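A.B. asks: Here you go, one structure.
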Amino acid sequence: MRKDEALPRAPFRRLLIANRGEIAIRVIRACRELGIESVAVYSDADARAMHVMLADRAEPIGPARAADSYLSTDAILSAARRSGAEAVHPGYGFLSENAAFAAAVEAAGLVFVGPPPATLAGLGDKLAARRTASAAGVPIVPGLSVALDANGGGPSADELARVGFPALLKAAAGGGGRGMRRIERTDEIGPALALARQEALAAFGDGTIYLERLIAPARHVEVQLLGDRHGQLAVLGERDCSVQRRHQKLVEESPSPAVTPAIREALFDSARRIAGAVDFHNAATVEFLLDADGAHYFLEMNTRLQVEHGVTELVTGIDLVGWQIRVAAGERLPGEILETPRQGHAIEVRIYAEDPHHAFRPSGGAVTAWQMPSGPGVRVDAGVEADTVLSPEYDPLLAKLMVHAADRPAALARLRRALDETVIGGVQTDLSFHRWLVDDPVFVRGAYDTGLVAERWGDGPPVEPGDAAIAVLIAGRARLDRVADARKAAGQDVVERAGESRWAVEARREAVKERRPR
Amino acid sequence: MTDLDLRVAGVAVSPAEGWAISWLDPARGVARLGDGRELLIALAEGSGSDWVVTLRGRRIAVSVMTWRERMLAEAEIATERSAGPISVTATLPGLIVAVAVVAGTDVVEGDALVTIEAMKMQNEVRAPRAGRVTEVHVAAGSRIGAGDPLLRIE
């Protein structure tokens, strides 16, 4: 143990988190451990959200619609000014890769926890990133390195033929699969382009779309980077994110079962080349597609924290969020971080309020029960709790369940055990998919690709007769044991609990008023 | 248990044997159950005859009726078997981004009616059967809740 006096001074006094949900809470926790006061921001829909309750302070930033709150540079900067924050952590999504936002943060005299705005601009534009990667000698997916006609006209038949089918429309400002559409034939491009553009505009405020060949079967493997402001770069291993629906990740693991030492060497080399080609510091992920022969193609470089960063934290023991903040304040990465060995195997499943039996469609509502697993090697990063009402305005990610164990079979057994300890009430989640996945022979062998969900799950198997028998047993017992009546009888309790939390809200409001800088 | 009629998707199911259940949180319906091999956390939500059991992450609707309730229910079903006008409702809350029909539009089963944006995803509401749209209750830009009526088909 280091003595207290040897501990570094808190890198900042106060930091604002321009995000919500589980990632805001993740950053709040890092702040608390570093001795930094955290400032949450919240829209009208989130006034009583968990991240607001956990932060040291909270500032309102406007109406429920993300465009008017979490995506509003003005609202967030004015919250930062009111709260006296010295730095802004953007989390992921929202404004995290918005160069104009990062520039505005810096222009306001605050530190942006991320790379320089110019780097964001260069890499956030996936089209520009393709050109950068190519120039750095990194293989890229065959495609058109120009934006598609904004006036509704698609690429010419010649151009399409050169890319080949199936092809993929992608948003230049994209991420998280939004604004992406698969096309099988020339005549599909018109309507697909319109939808992709609309989705990209709604999600990123930028409808620029480009076209790549769809590589299939493929695995989605990414490399985690952490760089400081002094030119040092740590390559913190890879994550396999091939279990996806709608081009959005559902499950991530590290190391990738498909990556041999030789492939790993090549992936790390490509990741280093790209990082070397841009003015980079802070956390970033370089995403690649890995084809059936183990060849890799650059997809994009995300210069922000990833949803799945926890998987890397488990196998490296590094607090990525803490280090993001420390390098933003100018700290050097020490040797033990630059040379961190990776240990064991980690798997994350994303718990979404989505119905995997109906095409993973969002399934809003109120969370009535929330029972999370615990025990050795289990980590849960959640953004909701019992009685949270889900807002249809935002991403349906509820929590991330992660496990860490000595090797992949042990991690799978641990995940299976943890899933059996988990229950969420009130909303259909994708937990049924995850429970199925840990027993799927292809996943268990590690021989899966990005087609797994569509090809092996579809809408999932029917309810097994054995499970139907257990379900009726539970329901029958619930009726006989008057579980519903118990809920009514506990009404007194529920009221008291609600009263208490309202009191906590009031106490917070008072505290915020008192502590607001004059 | 033997004096209850237990059904999943309308099919009578015998309760599993060899499982012990204890209520961890009876107020919320959280149960721990085991058979000596598996240990699971599950959930029962509902009241009267309508229950939803969450088991291995899956929400399974279960009908729990006394025999008397069962006979009454069967008598009701027999009188309701006629096809009349239907109201198409929203299955999830969100924002209406497009309405593809107006009152008077003839639709066939599967036709796109309304596009709802929820959690940043666009979801199409399709015609459950053929007919003529007689009323449209929403317009692009309307904010709707789950269960809100969207339109009527006759």
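A.B. asks: Please pick out the residue among A:D293, A:D319 that is free of Cβ contacts under 8 Å to residues at least 24 places away in the same chain and away from chain B (no Cβ under 14 Å).
C.D. replies: Residue meeting the stated conditions: A:D293.
A.B. asks: Does A:V380 satisfy the condition of being part of a strand (DSSP E or B) and touching a helix residue (DSSP H, G or I) at 6+ places or on another chain (Cβ under 6 Å)? Walk me through it before giving the result.
C.D. replies: Details: part of a strand (DSSP E or B): yes; touching a helix residue (DSSP H, G or I) at 6+ places or on another chain (Cβ under 6 Å): no.
No.
A.B. asks: Sort out which residues of the range A:142-164 are surrounded by fewer than 21 Cβ atoms within 10 Å (Cβ to Cβ), in a loop (DSSP other than H, G, I, E, B) and within 30 Å of the chain's Cα centre (by Cα), and write them in order of number.
C.D. replies: Within the range A:142-164, A:P142, A:S145, A:V146, A:A147, A:A150 qualify.
A.B. asks: Right, here's the next one. Let me spell it out: the conditions are (1) within 9 Å of chain A (Cβ to nearest Cβ); (2) exposed (fewer than 11 other Cβ atoms within 10 Å of the Cβ); (3) closer than 15 Å to A:D481 by Cα, and B:A31 meets all of them except one. Which number is the exception?
C.D. replies: B:A31 satisfies every listed condition except (2).
A.B. asks: Determine whether A:A382 is under 29 Å from A:P257 (Cα atoms), within 19 Å of the chain's Cα centre (by Cα) and surrounded by fewer than 23 Cβ atoms within 10 Å (Cβ to Cβ).
C.D. replies: When the stated conditions are applied, A:A382 passes them.
A.B. asks: Show the residue pairs meeting these rules: Cβ distance below 6 Å; 6+ apart or different chains; first residue within the range B:101-125 and in a loop (DSSP other than H, G, I, E, B) and β-branched (V, I, T); second residue surrounded by 21 or more Cβ atoms within 10 Å (Cβ to Cβ) and modelled with pLDDT of 90 or more.
C.D. replies: B:V101/B:L113; B:V101/B:V133; B:T105/B:V133
A.B. asks: Also: What are the pairs with Cβ atoms under 6 angstrom where one residue, in the range A:336-359, is in contact (Cβ under 8 Å) with a residue 24 or more places away in the chain and the other, located anywhere, is among the basic types (K, R) and part of a helix (DSSP H, G or I)? Sequence gap at least six, or different chains.
C.D. replies: These pairs meet every condition: A:H345/A:R408.
A.B. asks: Determine if the range A:218-241 includes at least one residue that is surrounded by fewer than 19 Cβ atoms within 10 Å (Cβ to Cβ), without any contact (Cβ under 8 Å) to a residue 24 or more places away in the chain and within 14 Å of chain B (Cβ to nearest Cβ).
C.D. replies: For the range A:218-241, residues surrounded by fewer than 19 Cβ atoms within 10 Å (Cβ to Cβ), without any contact (Cβ under 8 Å) to a residue 24 or more places away in the chain and within 14 Å of chain B (Cβ to nearest Cβ): absent.
A.B. asks: Being basic (K, R), in the same structural domain as A:R417 (by TED's automatic domain parsing), farther than 24 Å from A:S254 by Cβ and at pLDDT 95 or above narrows it down to one residue among A:R342, A:R350, A:R361, A:R332; which is it? Working first, answer last.
C.D. replies: Numbers: A:R342 fails: farther than 24 Å from A:S254 by Cβ; A:R350 fails: farther than 24 Å from A:S254 by Cβ; A:R361 fails: at pLDDT 95 or above.
Going through A:R342, A:R350, A:R361, A:R332 in turn, the sole match is A:R332.
A.B. asks: Here is a further query. Just the residues that are small (G, A, S) and within 30 Å of A:A202 (Cβ to Cβ), please, taken from the range A:377-416.
C.D. replies: If the condition is that a residue be small (G, A, S) and within 30 Å of A:A202 (Cβ to Cβ), then A:A382, A:G383, A:S391, A:A399 are the ones that fit.
A.B. asks: Name the residue, out of B:E109, B:E117, that is at pLDDT below 85 and surrounded by fewer than 13 Cβ atoms within 10 Å (Cβ to Cβ).
C.D. replies: B:E109
A.B. asks: May I pose another question? Name the residue, out of B:R81, B:R126, B:R68, that is at pLDDT below 90 and within 30 Å of A:L397 (Cα to Cα).
C.D. replies: B:R126
A.B. asks: Given A:I325, A:I347, which one is crowded, with 23+ Cβ neighbours inside 10 Å and either of a type in the set (G, A, S) or assigned to a strand (DSSP E or B) (or both)?
C.D. replies: Every option except A:I347 fails the conditions.
A.B. asks: Out of (1) under 18 Å from A:G109 (Cβ atoms); (2) touching a Pro at 6+ places or on another chain (Cβ under 9 Å), what's the single condition that is false for A:E59?
C.D. replies: (2)
A.B. asks: Can you report the number of residues in the range B:95-142 which are within 14 Å of chain A (Cβ to nearest Cβ) and on the phi < 0 side of the Ramachandran plot?
C.D. replies: 18
A.B. asks: Shifting gears a bit: Can you tell me which of A:A49, A:A64, A:A58, A:A99 is within 17 Å of A:F112 (Cα to Cα), small (G, A, S) and buried (at least 16 other Cβ atoms within 10 Å of the Cβ)?
C.D. replies: Numbers: A:A49 fails: within 17 Å of A:F112 (Cα to Cα); A:A64 fails: within 17 Å of A:F112 (Cα to Cα); A:A58 fails: within 17 Å of A:F112 (Cα to Cα).
Exactly one residue qualifies, and that residue is A:A99.
A.B. asks: Pick from the range A:360-375 the residues that are over 15 Å from B:T54 (Cβ atoms) and within 7 Å of another protein chain (Cβ to nearest Cβ): which of them is surrounded by the most Cβ atoms within 10 Å (Cβ to Cβ)?
C.D. replies: A:P362
A.B. asks: Ok, one more. Search the range B:84-100 for residues being in a loop (DSSP other than H, G, I, E, B), among the aliphatic types (A, V, I, L, M) and at pLDDT below 90, and hand back the single one that is nearest to A:M180 (Cα to Cα).
C.D. replies: We begin by selecting, within the range B:84-100, every residue in a loop (DSSP other than H, G, I, E, B); these are B:84-85, B:90-93, B:100.
The next check asks that each one be among the aliphatic types (A, V, I, L, M); those that pass are B:90, B:92, B:100.
Subset that is at pLDDT below 90: B:90, B:92.
Details: B:A90: 25, B:L92: 23 Å.
Only one residue tops the list, namely B:L92.
Residue-by-condition table, conditions (1) more than 27 Å from A:A283 (Cα to Cα); (2) at pLDDT below 85:
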residue: A:F112; (1), (2): no, no
residue: A:L127; (1), (2): no, no
residue: A:A150; (1), (2): yes, yes
residue: A:F165; (1), (2): yes, no
residue: A:R182; (1), (2): yes, no
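The values are calculated or read from the model by the stated rules, or taken from the named source; none is laboratory data. Note that the coordinates shown come from a computational prediction; the quantities given were computed from them, not determined experimentally. All Cβ positions, glycine included, derive from the backbone under ideal geometry; neighbour counts span all protein chains shown.
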